[in-house]
Amino acid sequence: MQKLYAKKKYFIIFTLPCLLAYFISFFIPFVMGLYLSLTKFKTIRGARFVGLSNYKFVFRDFKGFLQALVFTSKVSIVAVILVNVIAFALALILSKQFRGTNLFRTLFFMPNLIGGIILGYIWQLLLNGILIRLYGVDITYDARFGYWGIIILYSWQKIGYLMIIYIAGIQAISGDILEASAIDGASSWQQLWRIIIPNVGGSITVCLFLSLTDTFKMYDQNLALTGGAPANQTKMLAMDIYDTYYNRVGFAGIGQAKAVVFTVLVFALGMLQLFITRKFEVKS
Amino acid sequence: MKKRMMSLLLSATVLMSSLAACSGGTPSNSKAGSEKASTNVEVKGSSEQKTTVSDTGKKYEGTIRWLNYKPEVADQMNEVAEAYTKETGIKVKIETAASNTYEPTLTARMDSSDAPSIFVVDGIKMLNTWKENCLDLSQTELNSWAQNDTYKMTGEGKVYGISYSLEAWGIIVNKGITDAYFKSPNKKTEYKSLDDLYKFDALKAVVEDMQSMKDELGIDGVFGSTSLKAGDDWRYQSHLMNQPVYWEWGGTDNIDLNGEIPEFSFKYAENYKNILDLYLNNSVTEKSLVGTKTVDDSMAEFALGKCVMIQNGDWAWNTIQNTDGKKIKDEDVCFIPISTGVDGEDKMGLNIGASQYMCVNSQLSKEDQDAAIAFLEWLFSSDTGKMLVSQKLQFVTPFSTMQDAEYTNPLFASENAIAASGKMPYIWAVTLIPSEKWKEDFGSSLLQYAQGQKEWEEVVKEAVSEWASERELANANAA
């Protein structure tokens, strides 16, 4: 009993800093943000309550928020599928025993360590180089260039990271099951679909969640690669929110409302995805 | 028990120090950071502070913060700050907002605990947003030195801001190359000097002729790249708009820079297109690639002698001068006005105006305000300050105290020569563009036009309709 009591004490001591930090840097700003989204303000001290009018504007902002929402969704759908399929394929290959797997894992993981802004500018140079060669134009010429540019950039950056998670999942599968199935005459295709994929359900959940929320929240890659050009057609949600908040006089409240809608949206999507993929996980 | 106390203490210190680190702000903010940390970590900071208190009895102990609008003089501003600290012991901190992000930065800084003491507004719209933060400067000496009321932001009998920099822009020319052209036996125009180029027809004829002789002249193109990359398009979406709005609104006498945003129908759209096409078609860079070019790219082309002309203002001298491998000679740098094919434009000179006005933050304590004003008065009247303003910052100011200052910027001499020849300046009417949003969208429209992705009629139509909606918002914001 004495021991348990002591344990509880330490629990509080060691989690308190973290909880406090969470409270100060997440919870309070979030609540303030909720309030500010219902006001018109410039500096926080001078906020004036205006009810839901900011939200009304947001849902009628066809050329801003809603266009960004459509574009972000398009990027997200393609990028999430592409990144996960390729990462899983690489993980399958690199979880086999052969020379150099560690080297390849490291190499594939490395792009993830470079910051989004730098990656954005590097890929802008690369893609512009190709586009100028091929068509004599740059990435700002057509929204499709920017769209695929963002997807390529994001895939290149994140595949290695997700690959590591998938490798961990695959390696956790007991060799006994695979061996048994092989003895029973399962082909490697059957092994993949009947054993490996169901057993890495946890990794799939995590990876889908990470890539889905990541693509929705993408900002720096977007900013550096296209900056929204041409004519805001490649502006993603986060950038639209930033621009509304900071670059438009008198629009801080609307920017805040957009941010709240955005948070709810990402939260709901994330939860929905977790709920669905959890169902398919094999409970061992 | 002892152990428990220890761990409690430990976790508390970890928390405190991490919080202190957070509030320190930007990485460059190390001084402010240590000031704050000193309240938590007692040993070092307090002894430092005691010494400053003891050597002078009543000295200002805070920090004067200037939120700088001009990234091109960021280093020079820091020299000013150092010089003041060296002379008076008072700390001055310059923070510079990156190009095109002044108002976002200001918004963020105003809400923080170390809000700027001196900040800048760039026109009536911005003043309307920040009026309650602007101290009335009418009783200061600084105000009495400013000779002309057109260089002040005024309203309700108060002086909210005073300009610290009168700027001019037009087309900057490399006279060395144009002289070579005028002397060339192969030229096909009858024009003999830059003085003949005050009308659009003449400018166009000469530019196109020079473009066809680019190998003989040793250039890649007549104009430097039309930098239409987002964020670098201000020379066109805002500055070049001065010509059409000036003519449409009826010139200096009919434009009220402190008034409401006027209506705009883009009556002189064809004239704007004239000059834009001239830039695009006779350039160093292919039309389709202007979206990759920055202002710095074009200024480098000019400094390296790859082009002859470039639209920019006298502030660009710093960039030209500091370009690695600069080829252009200082005495060859001069201005000609922008012409667009409007009747009467040959009597006009450069675009001249007070673009930015210094304001003192009224939300700070009296002590902070006085320190800021004292600093500004030092800057524009003491010998050190005047030297720094004229030689380093290169600001042309409206202050009587600065009249004997000497400048090295050759563009200032060119401005004076054009004014002395009796040409009327265009006033800086683009401060009445309703919003940043309008400028950005117009800029991306221009880029699409240059790339051949948008028809000119469409560009004009969108500019006009967006002006109407943005104007409504801006005027409502002012009321």
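All of (1) touching a residue at least 12 places away in the same chain (Cβ under 8 Å); (2) under 21 Å from the mean Cα position of the chain (by Cα) hold for residue A:122 with one exception: (1). Scan segment A:42-73 for residues that are hydrophobic (A, V, I, L, M, F, W, C), assigned to a loop (DSSP other than H, G, I, E, B) and crowded, with 17+ Cβ neighbours inside 10 Å and the total you get is 1.
So is residue B:367 assigned to a loop (DSSP other than H, G, I, E, B) and away from every other protein chain (no Cβ under 14 Å) or not? Here the answer is no, as residue B:367 does not meet what is asked.
Scanning segment B:366-383 for residues that are more than 19 Å from residue B:60 (Cα to Cα), among the hydroxyl-bearing types (Ser, Thr, Tyr) and open to solvent by less than 20 Å² (accessible area, probe 1.4 Å) turns up nothing. Checked against (1) open to solvent by less than 30 Å² (accessible area, probe 1.4 Å); (2) touching a Lys or Arg at 6+ places or on another chain (Cβ under 8 Å), residue A:248 passes all but a single condition, namely (1). Annotation: of all residues in segment B:124-152 being away from chain A (no Cβ under 14 Å) and among the charged types (D, E, K, R), the one that is surrounded by the most Cβ atoms within 10 Å (Cβ to Cβ) is B:152. For segment B:311-323, a residue qualifies if it is closer than 17 Å to residue B:175 by Cα and either over 17 Å from the mean Cα position of the chain (by Cα) or within 14 Å of chain A (Cβ to nearest Cβ) (or both), and exactly one does: B:321. Yes or no: segment B:155-174 includes at least one residue that is open to solvent by 60 Å² or more (accessible area, probe 1.4 Å) and assigned to a strand (DSSP E or B). For segment B:155-174, residues open to solvent by 60 Å² or more (accessible area, probe 1.4 Å) and assigned to a strand (DSSP E or B): present. In a residue-by-residue description of segment A:74-97, the property of being within 14 Å of chain B (Cβ to nearest Cβ) and open to solvent by 40 Å² or more (accessible area, probe 1.4 Å) applies to no position.
Table: residues versus (1) out of contact with any Ser or Thr (no Cβ under 6 Å at 6 or more places or on another chain); (2) within 9 Å of chain B (Cβ to nearest Cβ); (3) open to solvent by less than 10 Å² (accessible area, probe 1.4 Å); (4) touching a residue at least 24 places away in the same chain (Cβ under 8 Å).
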| site | (1), (2), (3), (4) |
| --- | --- |
| A:209 | yes, no, no, yes |
| A:218 | yes, no, yes, yes |
| A:223 | yes, no, no, yes |
| A:231 | no, yes, no, no |
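Within segment B:111-123, is even one residue assigned to a helix (DSSP H, G or I) and open to solvent by 10 Å² or more (accessible area, probe 1.4 Å)? No, segment B:111-123 contains no residue that is assigned to a helix (DSSP H, G or I) and open to solvent by 10 Å² or more (accessible area, probe 1.4 Å). Applying the condition of being open to solvent by 30 Å² or more (accessible area, probe 1.4 Å), of a type in the set (Ser, Thr, Tyr) and within 14 Å of another protein chain (Cβ to nearest Cβ) to segment A:112-151 and asking which residue is nearest to residue B:449 (Cα to Cα) yields A:141. Considered as a group, the residues in segment B:94-110 that are modelled with pLDDT of 85 or more and open to solvent by less than 30 Å² (accessible area, probe 1.4 Å) include one that is farthest from the other protein chains (Cβ to nearest Cβ), and that residue is B:94.
Applying the condition of being closer than 30 Å to residue B:76 by Cβ and charged (D, E, K, R) to segment B:277-320 and asking which residue is surrounded by the fewest Cβ atoms within 10 Å (Cβ to Cβ) yields B:296.
The values are calculated or read from the model by the stated rules, or taken from the named source; none is laboratory data. Computed from a prediction, not measured in an experiment: that's the story for all the values here. All Cβ positions, even for glycine, are placed from backbone atoms using ideal geometry, and neighbour counts span all protein chains on display. Surface accessibility is based on the protein's heavy atoms, side chains included, excluding ligands, DNA and RNA. Shrake-Rupley method; radii C 1.70, N 1.55, O 1.52, S 1.80 Å.
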